[in-house]
Amino acid sequence: MFREKSVRIAAWVICTTMAFFTVLPFVWILATAFKTPAEINLWPPALLPSQPTLENFHRILHDAAFPRYILNSLIISLGSTASILLTSSLAGFVFAKYKFPLRGPLFMLILASAIIPLEAYMIPLYIMVFKAHMLNTYGALIFPMTIMTFGVFFMRQVIMAIPDELLEAARIDGASEFWIYARLVLYLSKSGLMALGVFAFSEAWANFIWPLVVVSSGDMYTTELGLANYQRQFFTEYGPIAAGAVISIVPMLIVFALLRRHIMQGIATTGVKG
């Protein structure tokens with residue numbers, strides 16, 4: 001009994017410590033957004049502002065270009081998320097419920113591609129976009145994020161938990177493979193799709209390096225690129241950057257708060273079978 005209690009206390013201490021260091025950067029950004037320039041540059045630094053101000057939010061929201069940056073990020077993130085959900089669910093369905101030659105090696109090859117960073121194939125990807133005359137367009141920004149290796153693996157695990165008997169019963173009743181995928185598989189894996197959608201949306205929203213490469217005009221800047229404009233040649237405006245970061249985090253927090261139950265169910269489903 002004593003040993004079990006000690007393990008629980010140790011686990012609580014470790015989890016609390018990890019949670020504290022995870023949340024601390026977000027608290028620091030939030031506090032910085034309400035600080036004056038003098039407080040931001042104060043040494044030693046103070047966590048909470050002594051004279052909270054909304055001037056940083058006023059500056060970022062009255063910047064004529066910032067709403068355009070948010071709109072661009074929304075279009076890119078939603079387009080990328082929709083594409084990833086479609087490709088990941090289709091590929092996951094095929095790898096989970098169909099048997100064909102070289103299925104195992106092909107799936108392992110797809111998983112192996114996850115270790116290759118974007119920077120390793122950015123140049124050939126840029127050449128493809130350039131020759132397709134897609135530079136400085138939404139298509140160029142979404143193109144590298146239409147397929148996600150993790151999404152294929154994740155949806156395969158989710159769909160493997162669906163009993164084969166349900167699919168066979170649908171086939172006996174005359175349902176086509178597309179009907180089974182669209183009406184049965186997608187419905188039964190909706191929690192997994194929601195979890196993957198949040199992950200894909202956050203990945204696309206926070207992407208910086210690829211938009212920096214293919215975007216050449218300010219009207220196509222994403223939120224991340226727009227915030228980089230506040231880093232001047234000789235100084236950095238930390239207040240507006242922190243305020244813009246807080247504003248950009250809000251949509252993801254809202255989505256997570258609304259879908260957290262489905263997200264937890266989707267993640268838990270990946271370990272049921274396979």
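The values are calculated or read from the model by the stated rules, or taken from the named source; none is laboratory data. Since we're looking at a predicted model, the values are computed, not measured. Glycine also receives a Cβ, built like all others from the backbone with ideal geometry; neighbour counts cover every protein chain displayed. These accessible areas exclude ligands, DNA and RNA; they are computed on the full protein's heavy atoms, side chains included. Shrake-Rupley method; radii C 1.70, N 1.55, O 1.52, S 1.80 Å.
Data table
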{"item": "Area projected by the alpha carbon convex hull of the stretch 94-209, averaged over all directions, nm²", "result": "9.2 nm²"}
{"item": "Inter-label distance, nm, simple model (7 Å from Cα along the C-beta direction), LEU48/ARG103", "result": "5.8 nm"}
{"item": "Estimated inter-spin distance, TRP179 and ALA257, nm [label 7 Å along Cα→Cβ]", "result": "4.3 nm"}
{"item": "Accessible heavy-atom area order of LYS35, LYS97, highest first, probe of 1.4 Å", "result": "LYS97, LYS35"}
{"item": "Whole-angstrom gap from the stretch 59-105 to the stretch 1-30, using each part's C-alpha centre", "result": "33 Å"}
{"item": "For the stretch 28-38, Karplus couplings with θ = phi - 60° (6.51, -1.76, 1.60), whole Hz, Gly/Pro x", "result": "5, 5, 4, 5, 5, 5, 9, 9, 7, x, 5"}
{"item": "Percent of Cα-Cα distances greater than 30 Å, calculated over the chain", "result": "47 percent"}
{"item": "Highest to lowest packing among 241-252, 23-34, 144-155, 123-134, scored as the average C-beta count within 10 Å", "result": "144-155, 241-252, 23-34, 123-134"}
{"item": "Computed label-point distance, nm, for sites PHE21 and ALA82 using a 7 Å Cα→Cβ extension", "result": "4.1 nm"}
